[in-house]
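J.: Have a look at the structure that comes next, please.
The values are calculated or read from the model by the stated rules, or taken from the named source; none is laboratory data. This one's a predicted model, so the numbers in the text were calculated from it and none came from an experiment. Virtual Cβ from ideal backbone geometry, glycine too; neighbours counted across all protein chains shown. Surface areas here come from the heavy atoms of the whole protein model, side chains and all, with no ligands, DNA or RNA. Shrake-Rupley method; radii C 1.70, N 1.55, O 1.52, S 1.80 Å.
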Amino acid sequence: MAASVNAQPARSSHPPQTVPQSGRKTLAWLGRLFLRLILIIQALIVVYPLVWNVLASLKTNEEVMENPWTLPKHFNWSNYVNAFTTARIGDYMLNSVLVVAMSMAILLAAALPTAYALGRMNFRGKAFTTNVYMAGLFIGGVYIIVPLFILMNNLHMLDNRFWLSAVYATGSLPFSVYLMIGFMKSIPKDFEEAALIDGCGYTSTLFRIILPITRPAIVTLIVFGFFDFWNEYVLALTLITSDEKKTIPIGLSNLMQIQQYATDWGSLFAGLVIVLIPTIIIYALLQKRLTDGMMMGGVKG
Amino acid sequence: MSMKAKRNWFLLFCLLPGLVLMALFKIYPTIEVFQKSFYLWTGIGDKPKWVGLRNFTDLFHDDVFLLSLRNTGFLMLVVPVITLFIALVNASILTRSKLRERSLYRTVFFFPSILSFVVIAILWSFIYHPTIGFLNAGLESIGLGKWALAWLGDARTVLWALAVTMIWQAAGYYMVMYMAGIDGISPELYEAASIDGATPVHQFFHITIPLLWEIIRITIIFSINGVLTISFVIVSIMTAGGPDRHSEVVMTYLYSQAFSNSNFGYAMAIGVFVFIVSFLLALLSNRLTERGNN
């Protein structure tokens with residue numbers, strides 16, 4: 001890498017000094033303008049579809065069909081009412097909230113003690129257990145959906161929100177354990193020794209000393225878990241069969257199929273906005289946690 | 001209870017829940033998918049019948065599978081290359097230039113990667129919609145109405161349309177990863193280069209890319225795998241593999257073989273095949289991106 005940096009002096013045929021001071025400023029200003037232009041165009045490409053979606057959710061069906069660029073003449077909130085009443089977005093949402101909460105509880109109950117044991121204790125089989133989780137990082141997704149479906153069918157776990165949550169938690173377990181082991185290792189040994197001298201048992205050391213220290217990492221896990229569980233589609237599609245137990249991504253994709261025939265676009269767009277709102281709130285509140293956690297998990301990998 | 005026994009019970013309490021979940025929902029299905037890919041198995045009530053490698057040899061005579069493999073290959077090549085390039089350029093602009101509003105761009109660009117794939121898929125099917133979508137309306141309003149197409153209904157454009165959606169979703173995610181990496185590069189290197197007269201473009205190619213190379217390698221593998229995952233949701237919602245299977249991908253084909261055709265053994269063979277190919281691909285890209293001296 002040093003070689004490529006040293007290869008630079010050849011450029012000295014146009015040293016910056018030969019450009020007059022004012023000319024350099026203009027050049028720099030033009031450069032910044034150009035960069036801004038690129039960034040603004042990209043920002044529009046990202047934001048405009050979302051703005052368009054919100055606007056369309058406030059239009060009547062005729063307005064949606066008319067011209068995609070016009071603004072709604074007046075805010076047509078009835079789409080939102082329809083989304084909740086006829087499209088039952090609210091019911092799907094409740095299912096999603098329930099599944100997210102259960103998945104999170106299972107994930108934390110399994111991941112935190114595991115990471116503590118693997119990160120801070122020594123025992124026979126530790127390397128093997130760690131490898132199981134590391135291998136788990138690379139296995140999963142759609143590959144194993146067929147045997148998973150058959151297994152859960154045999155054990156009568158299909159169409160059950162608790163078992164769906166358990167599958168979700170397992171899916172996030174390897175990454176969570178991996179993330180937490182790093183955190184657990186960074187806590188100085190003295191904390192536990194002091195606790196043991198004060199007569200703390202293992203369990204109370206974990207709950208009273210270690211977990212409070214790792215709270216920032218736990219928040220990161222919760223943020224990641226929220227997005228994973230709230231947005232999950234394939235497993236929910238396969239493992240839940242009855243309509244009243246479906247989560248919101250499945251509800252939405254059903255709604256889309258229905259609306260293609262009923263052509264009630266407005267309430268579909270309203271449904272999309274309703275799903276976006278919790279995501280936007282969590283993102284606004286915890287953006288830094290999310291991107292920091294991504295760097296911890298991703299870049300080190 | 002002795003100290004040692006207490007410790008062992010505590011370890012058991014720590015490790016058991018996670019290991020039970022892993023064994024049940026990850027390890028067992030993984031073993032099962034490899035094993036049952038050698039069986040002919042047509043449904044829940046049916047008894048699996050050993051057929052050896054037949055499922056795998058059948059794959060290569062299955063035109064739909066071969067088409068879905070080609071489409072997946074196209075997406076696995078095009079999407080990571082463009083996504084990572086955009087991410088890298090944006091990350092380097094947003095870290096190297098001192099634009100005041102750069103944290104705003106970072107927030108905006110990252111946003112699509114936390115959206116549900118379902119929301120993205122539905123939203124983009126409307127963007128491409130021939131009558132109510134704004135893409136065609138936009139082309140018409142700038143006088144390019146003759147370029148308006150049924151983007152998802154046309155065999156020539158459908159894969160590119162899906163690729164654009166995937167790039168839109170992922171570019172911000174990798175940008176944030178690269179930004180973290182660039183923050184770790186010593187600013188003195190850039191200063192020295194700039195005193196020597198290196199332009200920002202030169203600095204990008206001769207400092208940023210070489211020093212970020214390890215992270216770039218990881219993201220190449222991540223994004224190839226990401227295409228496999230996201231393509232299932234994007235394709236099944238946006239096109240259902242159409243028109244006429246021109247956007248069928250291996251994951252949607254696997255899913256329909258299992259759950260529409262009750263062809264479980266065959267579906268698992270597809271799963272194993274894709275698993276092995278993507279593993280080999282990761283190895284290959286690791287080898288190709290390895291730099292001689294380290």
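J.: Got a number for residues in the range A:211-232 being outside any helix (DSSP H, G or I) and either within 10 Å of chain B (Cβ to nearest Cβ) or open to solvent by 40 Å² or more (accessible area, probe 1.4 Å) (or both)?
T.: 1
J.: Out of B:ILE122, B:ILE142, B:ILE86, report the one residue that is open to solvent by less than 20 Å² (accessible area, probe 1.4 Å) and not small (Gly, Ala, Ser). If you could, list the steps in order and put the result at the bottom.
T.: Values: B:ILE142 fails: open to solvent by less than 20 Å² (accessible area, probe 1.4 Å); B:ILE86 fails: open to solvent by less than 20 Å² (accessible area, probe 1.4 Å).
Testing whether each residue is open to solvent by less than 20 Å² (accessible area, probe 1.4 Å) and not small (Gly, Ala, Ser) leaves just B:ILE122.
J.: Among B:PHE279, B:PHE222, which is the only one that is farther than 30 Å from B:ARG156 by Cβ, open to solvent by 60 Å² or more (accessible area, probe 1.4 Å) and part of a helix (DSSP H, G or I)? If you could, list the steps in order and put the result at the bottom.
T.: Working: B:PHE222 fails: farther than 30 Å from B:ARG156 by Cβ.
Result of the check over B:PHE279, B:PHE222: B:PHE279.
J.: Here's another thing I want to ask about it. Test B:LEU40 against the stated conditions and say whether it is touching a Gly at 6+ places or on another chain (Cβ under 6 Å) and either aliphatic (A, V, I, L, M) or closer than 30 Å to A:SER204 by Cα (or both).
T.: Working: touching a Gly at 6+ places or on another chain (Cβ under 6 Å): yes; either aliphatic (A, V, I, L, M) or closer than 30 Å to A:SER204 by Cα (or both): yes.
Taking the combined requirement at face value, the residue satisfies it.
Residue-by-condition table, conditions (1) facing chain A (nearest Cβ under 10 Å); (2) farther than 23 Å from B:ASN55 by Cα; (3) at pLDDT 90 or above; (4) surrounded by fewer than 16 Cβ atoms within 10 Å (Cβ to Cβ):
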residue	(1), (2), (3), (4)
B:PHE205	yes, yes, yes, yes
B:ILE216	no, yes, yes, no
B:VAL227	no, yes, yes, no
B:VAL233	yes, yes, yes, no
B:MET268	yes, no, yes, no
B:GLY271	yes, no, yes, no
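J.: Spot the failing condition for A:ASN122; the list is (1) of a type in the set (S, T, N, Q); (2) over 30 Å from A:ASP243 (Cβ atoms); (3) in a helix (DSSP H, G or I), and only one is missed.
T.: The number of the failed condition is (3).
Matching residues to (1) part of a helix (DSSP H, G or I); (2) at pLDDT 90 or above; (3) farther than 20 Å from B:LEU135 by Cα:
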{"position": "A:ARG24", "(1), (2), (3)": "yes, no, yes"}
{"position": "A:LEU27", "(1), (2), (3)": "yes, no, yes"}
{"position": "A:ARG32", "(1), (2), (3)": "yes, no, yes"}
{"position": "A:ILE40", "(1), (2), (3)": "yes, yes, no"}
{"position": "A:VAL46", "(1), (2), (3)": "yes, yes, no"}
{"position": "A:LYS59", "(1), (2), (3)": "no, no, no"}
{"position": "A:LEU71", "(1), (2), (3)": "no, no, no"}
{"position": "A:HIS74", "(1), (2), (3)": "no, no, yes"}
{"position": "A:ASN79", "(1), (2), (3)": "yes, no, yes"}
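J.: Which of the residues that make up the range B:13-38 are touching a residue at least 60 places away in the same chain (Cβ under 8 Å) and among the hydroxyl-bearing types (Ser, Thr, Tyr)?
T.: B:SER37
J.: Could you tell me which residue of the range A:143-159 is nearest to the other protein chains (Cβ to nearest Cβ), considering only residues that are in contact with a Ser or Thr (Cβ under 7 Å, 6 or more places away or on another chain) and under 22 Å from B:ILE230 (Cα atoms)? It would help to see each step written out before you state the result.
T.: Step one: filter the range A:143-159 for residues in contact with a Ser or Thr (Cβ under 7 Å, 6 or more places away or on another chain), giving A:144-145, A:149, A:158-159.
If we keep only those that are under 22 Å from B:ILE230 (Cα atoms) as well, we get A:144-145, A:149.
Details: A:ILE144: 4, A:ILE145: 7, A:PHE149: 8 Å.
Taking the candidates together, the pick is A:ILE144.
J.: Mind listing just one residue for me: the one in the range A:168-185 that is hydroxyl-bearing (Ser, Thr, Tyr) and under 24 Å from A:ALA127 (Cβ atoms) and, of those, farthest from the other protein chains (Cβ to nearest Cβ)? Working first, answer last.
T.: Within the range A:168-185, the first condition is being hydroxyl-bearing (Ser, Thr, Tyr), and the residues that meet it are A:168, A:170, A:172, A:176, A:178.
Okay, now just the ones that are also under 24 Å from A:ALA127 (Cβ atoms), so A:170, A:172, A:176, A:178.
Numbers: A:THR170: 4, A:SER172: 10, A:SER176: 9, A:TYR178: 12 Å.
Looking at the filtered set, the residue picked out is A:TYR178.
J.: Follow-up question, since we're still on this one. Quick check on the range B:1-29: of everything there that is among the aromatic types (Phe, Trp, Tyr) and open to solvent by less than 70 Å² (accessible area, probe 1.4 Å), which residue is modelled with the lowest pLDDT? Break it down stepwise before answering.
T.: So in the range B:1-29, the residues among the aromatic types (Phe, Trp, Tyr) come out as B:9-10, B:13, B:25, B:28.
Going one step further and asking which of them are open to solvent by less than 70 Å² (accessible area, probe 1.4 Å), we end up with B:10, B:25.
Details: B:PHE10: 91, B:PHE25: 95.
Residue satisfying both the conditions and the ranking: B:PHE10.
To keep it simple, each residue is scored yes or no on (1) buried (at least 19 other Cβ atoms within 10 Å of the Cβ); (2) within 12 Å of chain B (Cβ to nearest Cβ); (3) in a helix (DSSP H, G or I); (4) of a type in the set (Val, Ile, Thr).
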position	(1), (2), (3), (4)
A:ALA166	yes, yes, yes, no
A:ILE187	no, no, no, yes
A:SER204	no, yes, yes, no
A:ILE209	no, no, yes, yes
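J.: Does any residue of the range B:60-70 turn out to be without any contact (Cβ under 8 Å) to a residue 60 or more places away in the chain, closer than 30 Å to A:SER176 by Cα and not charged (D, E, K, R)?
T.: So far as the range B:60-70 goes, no, none of its residues is without any contact (Cβ under 8 Å) to a residue 60 or more places away in the chain, closer than 30 Å to A:SER176 by Cα and not charged (D, E, K, R).
J.: Here's a follow-up. Taking the range A:130-139, which residues are open to solvent by 10 Å² or more (accessible area, probe 1.4 Å) and at the interface with another protein chain (Cβ under 7 Å from one of its Cβ atoms)?
T.: Taking the range A:130-139 first, the residues open to solvent by 10 Å² or more (accessible area, probe 1.4 Å) are A:130-132, A:134-135, A:137-139.
Hits for the range A:130-139 are A:VAL132, A:ILE139.
J.: Kindly indicate which of B:THR219, B:THR131, B:THR157 is touching a Phe, Trp or Tyr at 6+ places or on another chain (Cβ under 6 Å) and without any contact (Cβ under 8 Å) to a residue 12 or more places away in the chain.
T.: On the way: B:THR219 fails: without any contact (Cβ under 8 Å) to a residue 12 or more places away in the chain; B:THR131 fails: touching a Phe, Trp or Tyr at 6+ places or on another chain (Cβ under 6 Å).
The match here is B:THR157.
J.: Now for a different question. So the check is Cβ under 7 Å with 6+ separation or different chains; which pairs have a first residue in the range A:57-75 that's without any contact (Cβ under 8 Å) to a residue 60 or more places away in the chain and a second one that's acidic (Asp, Glu) and not in a loop (DSSP other than H, G, I, E, B)?
T.: A:THR70/A:GLU63; A:PRO72/A:GLU63; A:LYS73/A:GLU63
J.: Assess whether B:SER260 counts as being surrounded by fewer than 16 Cβ atoms within 10 Å (Cβ to Cβ) and farther than 22 Å from B:ASP154 by Cβ. Break it down into steps so the answer makes sense when it comes.
T.: On the way: surrounded by fewer than 16 Cβ atoms within 10 Å (Cβ to Cβ): yes; farther than 22 Å from B:ASP154 by Cβ: yes.
In short, yes.
J.: Under the condition of being more than 15 Å from A:THR263 (Cα to Cα) and either at the interface with chain A (Cβ under 7 Å from one of its Cβ atoms) or open to solvent by 20 Å² or more (accessible area, probe 1.4 Å) (or both), which residue from the range B:125-137 is modelled with the highest pLDDT?
T.: Only one residue fits best here, namely B:ILE127.
J.: Kindly list the number of the only condition in (1) open to solvent by 40 Å² or more (accessible area, probe 1.4 Å); (2) more than 8 Å from chain A (Cβ to nearest Cβ); (3) free of Cβ contacts under 8 Å to residues at least 60 places away in the same chain that fails for B:LEU211.
T.: (2)
J.: Looking at the range B:1-12 only, could you name the residues that are in contact with a helix residue (DSSP H, G or I) (Cβ under 7 Å, 6 or more places away or on another chain) and closer than 12 Å to A:MET121 by Cβ? Can you show your working first?
T.: Let us first name the residues in the range B:1-12 that are in contact with a helix residue (DSSP H, G or I) (Cβ under 7 Å, 6 or more places away or on another chain), namely B:6-7, B:10-11.
The answer is B:ARG7, B:PHE10, B:LEU11.
J.: Shifting gears a bit: Check whether at least one residue in the range A:88-110 is modelled with pLDDT under 90 and among the aliphatic types (A, V, I, L, M), and report yes or no.
T.: Yes, the conditions are met somewhere in the range A:88-110.
J.: Among what's in the range B:32-63 and is open to solvent by less than 40 Å² (accessible area, probe 1.4 Å) and among the β-branched types (Val, Ile, Thr), pick the residue that is nearest to B:VAL277 (Cα to Cα).
T.: Looking only at the range B:32-63, we keep the residues that are open to solvent by less than 40 Å² (accessible area, probe 1.4 Å), and these are B:32-33, B:36-37, B:41, B:43, B:51-52, B:55-56, B:59, B:62.
Next cut, among the β-branched types (Val, Ile, Thr) only: B:33, B:51.
Numbers: B:VAL33: 15, B:VAL51: 22 Å.
Out of the qualifying residues, it is B:VAL33.
J.: Would you point out which residue out of A:LEU44, A:LEU50, A:LEU71, A:LEU37 is open to solvent by less than 50 Å² (accessible area, probe 1.4 Å) and among the aliphatic types (A, V, I, L, M)?
T.: On the way: A:LEU44 fails: open to solvent by less than 50 Å² (accessible area, probe 1.4 Å); A:LEU71 fails: open to solvent by less than 50 Å² (accessible area, probe 1.4 Å); A:LEU37 fails: open to solvent by less than 50 Å² (accessible area, probe 1.4 Å).
So the residue among A:LEU44, A:LEU50, A:LEU71, A:LEU37 that is open to solvent by less than 50 Å² (accessible area, probe 1.4 Å) and among the aliphatic types (A, V, I, L, M) is A:LEU50.
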